[in-house]
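For reference, the structure is listed below as structure tokens.
Only the coordinates and a few stated rules stand behind these numbers; no lab work does. Note that the coordinates shown come from a computational prediction; the quantities given were computed from them, not determined experimentally. Positions of Cβ are backbone-derived with ideal geometry, glycine not excepted, and every protein chain shown enters the neighbour counts.
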Amino acid sequence: AQKITQTQPGMFVQEKEAVTLDCTYDTSDQSYGLFWYKQPSSGEMIFLIYQGSYDEQNATEGRYSLNFQKARKSANLVISASQLGDSAMYFCAMRDSGAGSYQLTFGKGTKLSVIP
Amino acid sequence: DAMVIQNPRYQVTQFGKPVTLSCSQTLNHNVMYWYQQKSSQAPKLLFHYYDKDFNNEADTPDNFQSRRPNTSFCFLDIRSPGLGDAAMYLCATSRVVGGETQYFGPGTRLLVL
């Protein structure tokens, strides 16, 4: 069974600083995808970034980058130059390519607070 | 802009009174999903449609039903809401099962009195 672990229930970061949100995963599949979503207090789940298990390069999208370490089964999200609008819940999620591959397995989330 | 739309954003219902939540999408995606998210928890998949094929999660209560009359629309029906059904309900879409990013709507917050 797949499992996503986010060990940081809450994080604080100073505005304009970089922050790393941790995510480790467990799967026996060779082919899988890893996602990060942002959920502001309004409730919408906003897709941020995707990393495929066979991707050689770490994914980047603007100020977001994914530090993918396959051997360690970690997929940490790095947010550079934090902004006040980055304050939100952040969920790491995984889907595999096996049976029932439509399902995303989510971690419990990390609440990020950006301090002015 | 292509998007996933949910209506209403907030819904108040009474214990036992049926309620329907709506989701529409302009992305022309084959797959539509319904998730339930309770306070301070991760989203939990209730069911999904791949085109017109309905797939129910094993632990989704019978109280929850869904309809997808066409590609663009999907409805979540809660036949007899209980206090424990108060949650955020999120609709998501993807192009294919298992191979694509899921894009979420803004959610409907359901309150049961």
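Things to note:
- Pairs of Cα atoms nearer than 8 Å and 6+ residues apart set the relative contact order; for chain A it is 37 percent.
- Relative contact order, percent, chain B [alpha-carbon distance under 8 Å, six or more residues apart]: 38 percent
- In order along region A:48-65, the Karplus-derived 3J(HN,Hα) couplings, from 6.51 cos²θ - 1.76 cosθ + 1.60 at θ = phi - 60°, round to 10, 7, 10, 9, x, 5, 9, 5, 6, 9, 5, 6, 9, 9, x, 7, 9, 9 Hz, and Gly and Pro are given as x.
- Under 17 Å from B:Lys52, Cα to Cα: aspartates and glutamates that are on another chain or at least 8 residues apart: B:Asp77
- Tail fraction, Cα-Cα pairs, chain B, threshold 18 Å, whole percent: 45 percent
- The amide H of B:Leu111, built 1.01 Å from its N in the peptide plane, has B:Gln11, B:Val12, B:Thr13 as neighbours under 5 Å, considering only residues 5 or more places off or on other chains.
- Along each principal axis, taking the top coordinate minus the bottom one, the Cα set of region B:31-74 gives 33, 19, 14 Å in descending order.
- Of all DSSP beta bridges in chain A, antiparallel share, percent nearest 5: 85 percent
- Residue-normalised convex hull volume from the C-alpha trace of chain A: 95 Å³ per residue.
- Beyond 24 Å in Cα-Cα separation lie the following of the pairs A:Lys70/B:Lys44; A:Lys3/A:Lys38; A:Lys73/A:Lys111; A:Lys111/B:Lys44: A:Lys70/B:Lys44.
- Backbone HN-Hα couplings from phi across region B:55-67 [Karplus 6.51/-1.76/1.60, Hz, Gly and Pro as x]: 10, 9, 6, 4, 9, 6, x, 4, 4, 9, 10, 9, 9
- Where a label projected 7 Å from the Cα of A:Ala81 along Cα→Cβ would reach, residues of region A:8-26 with amide N under 13 Å: A:16-18
- Residue-normalised convex hull volume from the C-alpha trace of the protein assembly as shown: 126 Å³ per residue.
- Spin-label model, B:Lys44/B:Val12: points 7 Å from Cα along the beta carbon direction are separated by 2.6 nm.
- Only aspartates and glutamates eight or more places from B:Lys38 in sequence, or on another chain, were considered; those with a Cα closer than 14 Å are A:Glu44, B:Asp85.
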